[in-house]
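The values are calculated or read from the model by the stated rules, or taken from the named source; none is laboratory data. Remember, predicted model here, so these are calculated numbers, not experimental data. Positions of Cβ are generated from backbone atoms using ideal geometry, with glycine treated the same way; all protein chains shown enter the neighbour counts. These accessible areas exclude ligands, DNA and RNA; they are computed on the full protein's heavy atoms, side chains included. Shrake-Rupley method; radii C 1.70, N 1.55, O 1.52, S 1.80 Å.
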Amino acid sequence: FPAELLSPLPPYTSEAGLVIGNHTAMPGEEFDLPLMMNNVDGVFAGQLTLNYDPLYLGALEINSLMPDMTLLSNIDEENGIIRISFAGIEALESDLTIANIHFKVSENAPSMTIPVEGKFFMANESNLTGNITNGSVTINGFATGFENNSEGKDNLLACYPNPVKDILTINYTV
């Protein structure tokens, strides 16, 4: 990478952190999950490895959000592993979102929370794996066969007893 030409020994960067975003999605939905770095002053290069469950999530692509850095990525769809490396000749100067991972939720995914975990993180040749904040994807909903009810036929019924004691009865209509 060009950063190696600028300085043979990059400064030690013990404070840099990797934050993996969180997202809530429906089965079949495509979305972007952000990868953020904080305390990045002086970072010229980085490398990271992430894991996710490929049974319920498909990683489609990695979109770099660092115009002055070269970013290379590899998605191992079978094992749910993402590897990302980046480098540049200008150091990062402020906290930023470095990339978005474009995921698609499996059509048959149940309601659940899937961890997206950082397994390795290095900046300027310093192992910072302990500075990873893991993220997750929460899959909500399931196919019911009913479209959204936009007819405005909601019924708000009373709850008894009010105020609630040990037992609460809620009446509802579908």
Cross-chain or 6+ apart pairs with Cβ under 9 Å, the stretch 73-96 first and in contact (Cβ under 8 Å) with a residue 12 or more places away in the chain and on the phi > 0 side of the Ramachandran plot, then assigned to a loop (DSSP other than H, G, I, E, B) and hydrophobic (A, V, I, L, M, F, W, C): GLY80/LEU55
Please list, ordered by first then second residue, the pairs with beta carbon atoms under 7 Å, 6 or more apart or interchain, first in the stretch 52-64 and at pLDDT 95 or above, second basic (Lys, Arg). GLY58/LYS104; LEU60/LYS104
Exception for MET69 within (1) closer than 24 Å to THR138 by Cα; (2) free of Cβ contacts under 8 Å to residues at least 40 places away in the same chain; (3) open to solvent by less than 30 Å² (accessible area, probe 1.4 Å) falls at (1)
Identify, please: which residue in the stretch 111-134 is part of a loop (DSSP other than H, G, I, E, B) and open to solvent by 60 Å² or more (accessible area, probe 1.4 Å) and is, among those, nearest to LEU57 (Cα to Cα)? SER111
Single condition GLY58 does not satisfy, out of (1) within 17 Å of the chain's Cα centre (by Cα); (2) small (Gly, Ala, Ser); (3) crowded, with 17+ Cβ neighbours inside 10 Å: (3)
Quick check: is even one residue across the stretch 79-95 out of contact with any Lys or Arg (no Cβ under 9 Å at 6 or more places or on another chain), of a type outside the set (A, V, I, L, M), open to solvent by less than 30 Å² (accessible area, probe 1.4 Å) and at pLDDT below 95? yes
Tell me which of these ILE101 doesn't satisfy, since it passes every other one: (1) at pLDDT below 90; (2) open to solvent by less than 20 Å² (accessible area, probe 1.4 Å); (3) among the β-branched types (Val, Ile, Thr). (1)
What is the residue count in the stretch 12-22 for residues that are at pLDDT 95 or above, closer than 12 Å to ASP95 by Cβ and assigned to a loop (DSSP other than H, G, I, E, B)? 0
